[in-house]
Each structure stands twice: as C-alpha cells, then as structure tokens.
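The values are calculated or read from the model by the stated rules, or taken from the named source; none is laboratory data. These figures come from a predicted structure and were not determined experimentally. So basically every Cβ, Gly included, is an ideal-geometry build from the backbone, and we count neighbours across all protein chains shown.
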Amino acid sequence: MRPSRQDELVEKALQVFYRNGFHATGMDMLAAQTGISKTSMYKYFRTKEDLILAALKLRDQQFRDWLFNRMAELGSTPRGQLIAIFDALKEWFAQDGYQGCMFIKASAEYQEVSDPIHALSAEHKHLMFEHVRDLAAQAGAVKADALARSLLILKEGAIVTAHLSHAGNPAMDAKAAAKTLLASALGS
C-alpha cells in the first residue's frame, strides 16, 4: 500500500531533521529537501513543531521496533538480549549517515521540560527503560530498575561517544562494561 502524502511528508521531514537539526531546519529548507510545498505541509501540520512531533513519533516507533527486534534476534535469553543492545548499537553506528540520537538532539534543542517535543523525547527514553527493566527482571535481577538505569547510561554514553567520533569502539566498550554489571547483578 502506498503511503499517504502526509506519511510521505513525515518520513522525508524525519530525514531532514535528523541531518540538519530542528531549529536549523526551516520550512523553506523542508520544502526544498522534501519536494513538498509549504502549502501542502501546512495543510497537514499547523506548525513546524507539529511536524517535528509527528517525525519524532515515527522515529520512536521505527527505532524501538528495530532495536527490540535486533535484541531478540541476537540474544536468545533475556540476559543475552541485554547484552545484544550493544551489538545492535554497533550496527547502527556503522550505518551511513549515523548522526547520533534524534531524541537527545531534540531534548537539547527544546530544553523546557514542559515543551511537547522535550516531553516526547523523554517518553521515548522511558519506553526504552521499561523494556530493558522488564528484560532485567526476566533475567533474574533483584534490582531490575537499577540495572536497567545503569545499562541505559552505558547505551546513551556509547551513542554520544560514537556521534562525537571518539577513537575506539564505543558500542563494544559499553558492552564490556555491561557484562561486568550483569555479572554483578545476576551472577556469572
């Protein structure tokens, strides 16, 4: 089934925002880079912020679907899936056009906690936390919340480090630290 014009706009806008940032991307740039007129954009979205929210919702769904599926493919047990986060991240970091986490960027550009864009970014991170916490509990962690927070700190650090192009292999460095955390929380 062919995507609707609105879906096509959101998908294309997502790519432009990811490449250029949110504040730096004006409606003229969006029109030029998506091939969709500003009149059409305003037909579907009252403001640029409404379009940003739609693009972030799409990215949230795409990213979580991809990451959770890769974790399940790479790890046959809950513990294995917790480690597989970092193998999946390594794959993501190696993709052409990798430019870090769209939600970290959005929350940095829209810093007010009450801003809907900031709130949606925080919700994405919360949904990630819930999934990792549930896996930690299934793996037998007594303090699943604490383990999930620690693993996600490693995940976020690897994302930022990869984006900043530090030397080394941030995903595998984080994986090594995660193995130590898991051994401490779950036993060898």
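In contact with a helix residue (DSSP H, G or I) (Cβ under 7 Å, 6 or more places away or on another chain), farther than 19 Å from ILE153 by Cα, of a type in the set (D, E, K, R) and surrounded by fewer than 17 Cβ atoms within 10 Å (Cβ to Cβ) - does that describe any residue in the range 101-119?
Looking for residues that are in contact with a helix residue (DSSP H, G or I) (Cβ under 7 Å, 6 or more places away or on another chain), farther than 19 Å from ILE153 by Cα, of a type in the set (D, E, K, R) and surrounded by fewer than 17 Cβ atoms within 10 Å (Cβ to Cβ), one finds at least one in the range 101-119, hence yes.
Output the qualifying pairs, or none if there are none: Cβ atoms under 9 angstrom, residues six or more apart or on different chains, first residue in the range 57-74 and buried (at least 16 other Cβ atoms within 10 Å of the Cβ), second residue not in a helix (DSSP H, G or I).
That search, which allows pairs on different chains as well, returns PHE63/CYS101.
Loosely packed, with under 13 Cβ neighbours inside 10 Å, within 14 Å of the chain's Cα centre (by Cα) and either aromatic (Phe, Trp, Tyr) or assigned to a helix (DSSP H, G or I) (or both): is that true of HIS131 in this structure?
no
Would it be correct to say that TYR18 is at pLDDT below 95 and assigned to a helix (DSSP H, G or I)?
Working: at pLDDT below 95: no; assigned to a helix (DSSP H, G or I): yes.
So TYR18 fails the test.
Which condition number does ILE36 fail, the rest of (1) farther than 24 Å from SER114 by Cβ; (2) assigned to a helix (DSSP H, G or I) being met?
If we test ILE36 against (1) farther than 24 Å from SER114 by Cβ; (2) assigned to a helix (DSSP H, G or I), just (2) comes out false.
Among the residues of the range 142-150, is there at least one that is under 16 Å from GLY100 (Cα atoms) and out of contact with any helix residue (DSSP H, G or I) (no Cβ under 7 Å at 6 or more places or on another chain)? Give the derivation first.
To start, the set of residues in the range 142-150 that are under 16 Å from GLY100 (Cα atoms) comprises none.
There is no residue in the range 142-150 that is under 16 Å from GLY100 (Cα atoms) and out of contact with any helix residue (DSSP H, G or I) (no Cβ under 7 Å at 6 or more places or on another chain).
Considering each of ALA177, ALA136, ALA167, ALA122 in turn, give the residue that is assigned to a helix (DSSP H, G or I) and either crowded, with 19+ Cβ neighbours inside 10 Å or free of Cβ contacts under 8 Å to residues at least 12 places away in the same chain (or both). Lay out the reasoning, then the answer.
Values: ALA177 fails: either crowded, with 19+ Cβ neighbours inside 10 Å or free of Cβ contacts under 8 Å to residues at least 12 places away in the same chain (or both); ALA167 fails: assigned to a helix (DSSP H, G or I); ALA122 fails: either crowded, with 19+ Cβ neighbours inside 10 Å or free of Cβ contacts under 8 Å to residues at least 12 places away in the same chain (or both).
Among ALA177, ALA136, ALA167, ALA122, only ALA136 is assigned to a helix (DSSP H, G or I) and either crowded, with 19+ Cβ neighbours inside 10 Å or free of Cβ contacts under 8 Å to residues at least 12 places away in the same chain (or both).
Between a residue in the range 1-25 that is more than 14 Å from ALA106 (Cβ to Cβ) and any residue that is of a type in the set (Phe, Trp, Tyr) and part of a helix (DSSP H, G or I), which pairs come within a Cβ distance under 7 Å, given they are 6 or more apart or on different chains?
Between residues of the range 1-25 that are more than 14 Å from ALA106 (Cβ to Cβ) and residues that are of a type in the set (Phe, Trp, Tyr) and part of a helix (DSSP H, G or I), the close pairs are GLN6/TYR44; LEU9/TYR44.
(1) over 14 Å from LYS12 (Cβ atoms); (2) under 17 Å from the mean Cα position of the chain (by Cα); (3) of a type in the set (Gly, Ala, Ser): which one isn't true of GLY80, the others all being true?
So GLY80 meets the others, but not (2).
Just the residues that are of a type in the set (A, V, I, L, M) and either under 11 Å from TYR44 (Cα atoms) or not in a helix (DSSP H, G or I) (or both), please, taken from the range 1-15. Even if it seems obvious, please write down each step before you answer.
Here is the first cut: in the range 1-15, the ones of a type in the set (A, V, I, L, M) are 1, 9-10, 13-14.
Scanning the range 1-15 gives MET1, LEU9, VAL10.
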